[in-house]
Every structure is written in C-alpha cells, then in structure tokens.
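Okay, structure first, notes after.
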Amino acid sequence: MSNSNLANGVRIMLRNFWVLLLLLSLVAAASLVAHGQQDDPDRAHAFQLYSDAKLAEALPLFEKLAKTYPQDPDVLMRYGWTVISQNAYQKDPAARKETRRFGRELLERARKAGANHPLLLSMLEEIPVDGGDDSQFGFSAKKEVDDAMRAGEAAFAKQDFPKALEMYHLALVLDPKLYRAALFIGDVYFASADQKKAGDWFARAVAIDPDRETAYRYWGDALMKQGRVTEAGDKFVEAYIAEPYSRMATAGFQQWGKKVSVDLGHPNVSIPTSVTQQGNGNTTINLDPTTLTKDDKSGSGTAWMMYGLIRASWSQGEFLKQYPNESKYRHSLKEEASALRAAVQSVNKQKNVDQSALDPSLRIVAKLDKEGLLEAYILLAAADQDIARDFPAYRKENITRLRQYVVDYVMTGGVGKP
C-alpha cells in the first residue's frame with residue numbers, strides 16, 4: 001500500500017472482523033491449550049466481545065490479559081487491533097497518533113510471539129513506529145469530506161450501519177471521486193449481509209480507481225458469500241494484478257485458491273548467475289561453476305554467462321539510454337528481460353546443441369518469451385524492489401498479458417498450458 005492507503009489500516013482491521021473471525025477463533029482454540037488458558041473466564045469473555053465487535057468493552061479485558069499472558073500472540077494481536085480501532089472515535093490528532101503507536105507496539109509484540117497473519121504484517125509495514133503524522137491517515141484534504149468519513153468510521157465501528165451509510169454517502173456527494181467512500185459503502189452492505197449491493201458498490205470503487213486492489217478483493221469476498229466461486233476467482237485475480245506486491249492482495253488470492261483446491265504457483269526458474277554492482281563502478285558476474293563443464297552439450301552454461309554479460313552492460317551505460325529520465329542505475333524490467341532473452345538466443349545460435357539436455361529453466365524462459373509473457377513473469381514472480389518500479393507503466397499498457405500469465409501459469413501451479 002502507498003501512503004495514500006495508510007488510512008485504510010484501521011478500516012481494514014475493522015472490516016476483517018467479519019472475514020477473519022472463523023480463522024482467528026480456530027487459531028485461538030489451538031493456542032488455549034498451548035498457553036494453559038482454556039479455563040480463564042476473562043480470556044473467553046474478551047474473545048467473545050471481540051468476536052461481537054464490542055471493542056470498547058473488550059479493551060480493558062485485553063489490557064489485563066496482556067499483563068497476565070505477555071507472550072500470548074492471540075491476546076496481543078487482538079489487543080493491538082482493539083487499541084487501533086479506537087482511532088475511529090478520537091478527535092484529538094495527538095491522541096490518535098499515540099493510539100496508533102501503542103497499537104503498533106502491541107502488534108509487533110504479537111509478531112515476535114509468533115503471530116504472522118498477513119493483516120498484522122501489513123499493518124506493521126504501514127503504521128510508522130511513532131504512530132505517524134495524523135495527516136498520513138486522513139481521507140481527504142477537504143475538511144468537510146474528511147470529517148464525514150471519520151464520522152462514518154466511528155459509526156461503522158459501533159455497527160451503526162445506517163449512520164455509517166449516511167456519512168459515507170455525504171462524503172461521496174462532496175467528492176464523487178473518493179475511492180474509499182464507495183469502497184466503505186460497499187463494505188457496510190458486506191457487513192450487513194447484503195452481498196448484491198456490496199458488489200455493486202465495490203464495482204463503483206473499481207470504476208473510480210481500477211489500479212487499487214482492495215475493491216476487487218472485497219468484491220471477491222462478497223461473491224464467495226453468494227457461492228459464486230468462479231466469478232470470485234476473477235476478482236481475486238484482478239486484485240493480484242492490480243497490486244501484486246500487496247500482502248493482502250496475495251493473501252486473498254491464495255485463500256481463494258485453498259478454498260477451491262486450486263494450487264497457485266509460478267514457474268520454477270532458477271538462474272545460476274548473479275550480477276553484483278561494486279562501489280567503484282565495476283560489475284562482478286558470479287556463475288555457478290557446475291553450469292560450465294567441458295562436456296556441456298546443451299549450451300546452458302554459455303547461455304547463463306551471456307545472461308550475466310548483458311546485465312553487466314546495463315550498468316555501464318545501457319540503462320541511461322533506455323531510461324533517459326532517470327539519472328542513477330537500477331535493476332530494471334528491460335534489463336532482466338533483455339538478459340533472459342539473450343540467454344535463450346545464445347542457445348539458439350550455438351551449433352550441435354543437445355536440446356534434451358537443456359537447462360529446464362531456459363526451456364521455461366523460452367516458452368514464456370514465445371507466448372509474450374516474459375515481462376509478466378518477471379514482474380509477478382521475480383521482481384526485486386527496483387524492477388517493481390516498472391510495474392505501473394507495464395500494467396497500463398499490458399494488463400491483458402498480466403491476466404493471461406496468471407490464468408495460464410499461476411492458476412496451473414506454474415506448469416503453464418500446453
């Protein structure tokens with residue numbers, strides 16, 4: 001999530017009470033025995049209040065439980081989320097910042113104690129250690145819009161759905177392009193079990209901003225509630241190719257795959273060559289020595305050496321030619337794709353190559369390239385932080401290729417269609 005999405009952190013947590021309760025209750029049940037707490041009435045009461053989204057009542061109980069069981073990840077995680085939820089009620093910016101800071105501290109303690117839910121990890125990434133500036137968590141620069149959204153959040157946290165709808169609608173009237181207003185209206189209907197209306201509003205949010213994953217994912221959840229499994233899968237795919245580096249988009253897609261027994265995965269491509277940029281401007285190419293043997297009739301070793309040479313050339317000037325608006329070298333999509341293509345072309349140019357002995361990874365790369373899906377594979381399966389910077393521009397022009405790669409490869413467990 002980007003900074004513009006930071007305000008979603010608290011909202012996502014509130015929304016997930018209805019999505020995650022079953023999962024969390026199963027985890028909690030297993031941990032009761034592990035932590036010797038199965039007979040603790042305060043714990044049972046706190047967890048029940050949490051399940052009923054009665055957070056204000058649960059808060060003092062979790063505060064007490066955290067002192068009694070300071071290493072219990074389930075207590076700490078729920079306590080952290082319950083603390084952060086209070087942000088919806090607080091009007092003082094300093095108080096909201098402290099709430100976020102303390103809530104994050106509790107979530108970090110939960111993580112260290114063993115909690116690893118994607119929502120927890122996502123919130124740890126998005127909430128600064130000091131709680132962040134309140135402006136980072138706003139909904140709009142327009143005070144009247146921001147006030148309406150905050151009022152809607154406070155009502156939603158109390159499960160006062162009519163009031164929440166009123167406030168979100170007001171925000172949308174004031175700013176018809178406010179993504180989260182449409183998203184949250186849909187979410188009110190999701191929480192109140194009107195999944196048809198929920199889907200309609202998630203679709204409206206998508207229309208406002210099709211490059212954000214949340215509305216697609218929520219729409220998928222609403223469709224799953226209706227038993228429309230295949231259509232739900234389509235929405236989880238759209239969420240994934242909208243923001244593939246989002247923990248929540250990935251987790252939502254994976255959860256759908258598990259529910260419908262679809263093994264999701266990427267092709268198994270192993271590159272035995274690494275390229276390291278030295279501080280003095282030089283480049284080091286490291287090649288697994290087992291790939292260069294005297295009796296190598298497949299041409300694989302030479303191909304992977306060519307991969308390294310092409311990558312090295314990019315730091316020596318090719319990058320600036322291809323990215324004239326950037327002044328500093330970085331590993332890029334164009335570099336990785338050109339290096340992989342050069343490796344495949346090297347094999348094709350060699351004489352007397354034994355194709356049966358060819359490195360399977362080169363065979364996969366060649367197939368992806370032939371199908372026009374090499375860049376999609378790199379972005380979705382093999383991107384580092386620098387390559388990921390090229391995703392928005394690629395998505396803008398090649399969304400159909402991203403979708404095809406996911407359908408043909410990811411949804412076949414990485415095998416690919418014949």
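The numbers here are math on the coordinates, done by the rules we state, and not lab data. Since the structure is predicted, the reported quantities are computational estimates derived from the model, not experimental observations. All Cβ positions, glycine included, derive from the backbone under ideal geometry; neighbour counts span all protein chains shown.
Some values worked out for this structure:
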quantity	calculated
Size of charge dipole - the chain - debye, nearest 20, with Cβ of Lys, Arg +1 and Asp, Glu -1, no other charges	480 debye
Environment charge at Arg212 (Cβ cut-off 11 Å; Lys +1, Arg +1, Asp -1, Glu -1)	-3
Ordering of 184-194, 220-230 by burial proxy (mean other Cβ atoms within 10 Å per residue, highest first)	184-194, 220-230
Helix 214-225 axis, angle to the chain major axis (alpha carbon atoms, nearest 10°)	70 degrees
Cβ-placed point charges (K, R +1; D, E -1), dipole of segment 306-370 about Cα centre in debye, nearest 20	120 debye
Around Leu120: net Lys/Arg minus Asp/Glu count, Cβ-Cβ under 12 Å	+2
Which labelled figure in (1) 75, 52, 49; (2) 68, 49, 37; (3) 120, 91, 41 is Cα extents along the principal axes in Å, once derived from the coordinates	(1)
Segment 38-100, Rg to Rh (Cα coordinates; Rh as Kirkwood inverse mean 1/r)	1.00
Cα-centred dipole magnitude for segment 273-412, charges only on beta-carbon of K, R (+1) and D, E (-1), debye, nearest 20	280 debye
By average C-beta atoms within 10 angstrom, highest first, the peptides 266-272, 380-386	266-272, 380-386
Entries in Lys297/Lys349; Lys177/Lys235; Lys196/Lys235; Lys197/Lys259 that, when Cα-Cα distance is taken, lie over 18 Å	Lys177/Lys235; Lys197/Lys259
Karplus 3J(HN,Hα) series, Hz, for segment 408-418 with 6.51 cos²θ - 1.76 cosθ + 1.60 (x for Gly, Pro)	6, 10, 4, 7, 10, x, x, 6, x, 7, x
Pairwise label distance in nanometres, Glu63 with Asn116, each label 7 Å out on the Cα-Cβ vector	3.3 nm
Highest-fluctuation residue, Gly265, Gly103, Gly252 considered, GNM on the chain with Cα pairs under 10 Å	Gly265
Whole-angstrom gap from segment 347-418 to segment 193-213, using each part's C-alpha centre	31 Å
